[in-house]
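Below: one structure, written as structure tokens.
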Amino acid sequence: MARFRNKKKVAFVKPAKKQPQQNVDHVTGDKIPRSFVFSRLKLPGSLKQLQADLRKMMLPYTALNLKEKKRNNLKDFLNVAGPMGVTHFLMLSKTGSSPYLRVARTPQGPTLTFKIQEYSLAVDIANSQLRPRVPKDLFKNSPLIVLSGFGTGEQHLKLTTIMFQNIFPAIDIKTVKLSSCQRIVLLNYNKETKLIDFRHYSIRLQPVGVSRRIRKFVQNHQVPDLRSLQDVSDFVTKAGYGSESEGDDEAATVSLASDVGRVNKAATKSAVKLQEIGPRMTLQLIKIEDGLCSGTVIFSEYGNEKKEESEGNEEDDEDGSEGDGEGSEEDAMDE
């Protein structure tokens, strides 16, 4: 006679529901900006990694695992962007001489084209640091955006300011939670070189007047090793790595309005520290179009140079030939 097996009952675990992302910005009332970061044509390995770093920087309102195919064109991305609420495109491309970054507003533009003069990947910046810092919840919220040096009154700089201000969600300084401000994107425009320094930092707060040993003890919830000490007071009074006054500069301290973590308490002074996490780029604005990668050219760096040369006395013919070469490079990028 066959025996009956007593099957073990498996407890049913209800799957955790993911909280849907907000669609409307509570500050401006408009829809939250979302982005696609993809490439135009084939990219070398280092630029592919730069593309992945840019996607991570744009979190959480971007498609981190966006799949691209060779046959996809700009129209394909535009058709998908509408239903998904995507408002901006960041497009990387590579010509024979230089890589380029285009930042466009969907669906009708404008489009800003930058020439990437230099760039460093996030992994290179982490390898150059003694203690890289990337907490697990660092990319849970959008970064803050800081623009410096763009207030010259020129039209192309105004358009650049508006584009980057609207690429991230706005914040209300009265209601924002300090714990959600963990990253910052800094763009600094140099008037002399006409280059933009693009940096990405993590924000870290440290209480003023508290030694590193005590701070680590409170944060990590770990029992310290006291075997080599005579008394607990030795652990408290002994200086750890860094001085007791580390970060006590008045220019870099703030008084917190609310608690941030277990160490930084409200109504106490904390030192603000920035640590670069990458990517890092040096950009040159070369063209602005009023459409999506098309339309009337509002600004052209190469075109302005040619215009200035034609107004003045043409003393050197070689300068004109260099301008033609740059113009042909721009036309090759458009293709």
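The values are calculated or read from the model by the stated rules, or taken from the named source; none is laboratory data. Worth saying up front: this structure is predicted, and the values here are computed from it rather than measured. Methodologically, a virtual Cβ is constructed for each residue, glycine included, from the backbone with ideal geometry; neighbour enumeration extends over all protein chains shown. SASA here: full protein model, heavy atoms, side chains in, ligands and nucleic acids out. Shrake-Rupley method; radii C 1.70, N 1.55, O 1.52, S 1.80 Å.
So is THR175 surrounded by fewer than 13 Cβ atoms within 10 Å (Cβ to Cβ) and farther than 20 Å from VAL272 by Cβ or not? Full working, then the answer.
Details: surrounded by fewer than 13 Cβ atoms within 10 Å (Cβ to Cβ): yes; farther than 20 Å from VAL272 by Cβ: yes.
In short, yes.
Checked against (1) under 19 Å from the mean Cα position of the chain (by Cα); (2) surrounded by 14 or more Cβ atoms within 10 Å (Cβ to Cβ), PHE77 passes all but a single condition, namely (1). Apart from one condition, VAL134 fits all of (1) within 21 Å of the chain's Cα centre (by Cα); (2) under 22 Å from GLU289 (Cα atoms); the exception is (2).
Somewhere in segment 162-179, is a residue modelled with pLDDT of 95 or more, within 16 Å of the chain's Cα centre (by Cα) and part of a strand (DSSP E or B)? No, segment 162-179 contains no residue that is modelled with pLDDT of 95 or more, within 16 Å of the chain's Cα centre (by Cα) and part of a strand (DSSP E or B).
Please specify each residue of segment 180-197 satisfying the condition of being more than 16 Å from the chain's Cα centre (by Cα), open to solvent by 50 Å² or more (accessible area, probe 1.4 Å) and in contact (Cβ under 8 Å) with a residue 40 or more places away in the chain. Lay out the reasoning, then the answer.
Of the residues in segment 180-197, the ones more than 16 Å from the chain's Cα centre (by Cα) are 189-195.
Going one step further and asking which of them are open to solvent by 50 Å² or more (accessible area, probe 1.4 Å), we end up with 190-194.
If the condition is that a residue be more than 16 Å from the chain's Cα centre (by Cα), open to solvent by 50 Å² or more (accessible area, probe 1.4 Å) and in contact (Cβ under 8 Å) with a residue 40 or more places away in the chain, then ASN190, LYS191, LYS194 are the ones that fit.
Right, VAL123: of a type in the set (A, V, I, L, M) and in a loop (DSSP other than H, G, I, E, B) or not? So VAL123 fails the test.
Of all residues in segment 260-285, those satisfying the criterion of being part of a strand (DSSP E or B), open to solvent by less than 60 Å² (accessible area, probe 1.4 Å) and either modelled with pLDDT of 95 or more or charged (D, E, K, R) (or both) are LYS273, GLU276, MET281, THR282, LEU283, GLN284, LEU285. Output yes when any residue across segment 75-86 is without any contact (Cβ under 8 Å) to a residue 24 or more places away in the chain and of a type in the set (Lys, Arg), and no when none is. Taking every residue of segment 75-86 in turn, at least one turns out to be without any contact (Cβ under 8 Å) to a residue 24 or more places away in the chain and of a type in the set (Lys, Arg). The residues in segment 1-37 that are modelled with pLDDT of 95 or more and either aromatic (Phe, Trp, Tyr) or farther than 23 Å from ALA81 by Cβ (or both) can be counted, and the count is 1.
Rundown of residues vs (1) touching a helix residue (DSSP H, G or I) at 6+ places or on another chain (Cβ under 8 Å); (2) under 20 Å from ARG183 (Cα atoms); (3) open to solvent by less than 60 Å² (accessible area, probe 1.4 Å); (4) of a type in the set (A, V, I, L, M), yes/no style:
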residue	(1), (2), (3), (4)
SER39	yes, no, yes, no
LEU43	yes, no, yes, yes
ASN72	no, no, yes, no
SER93	yes, no, yes, no
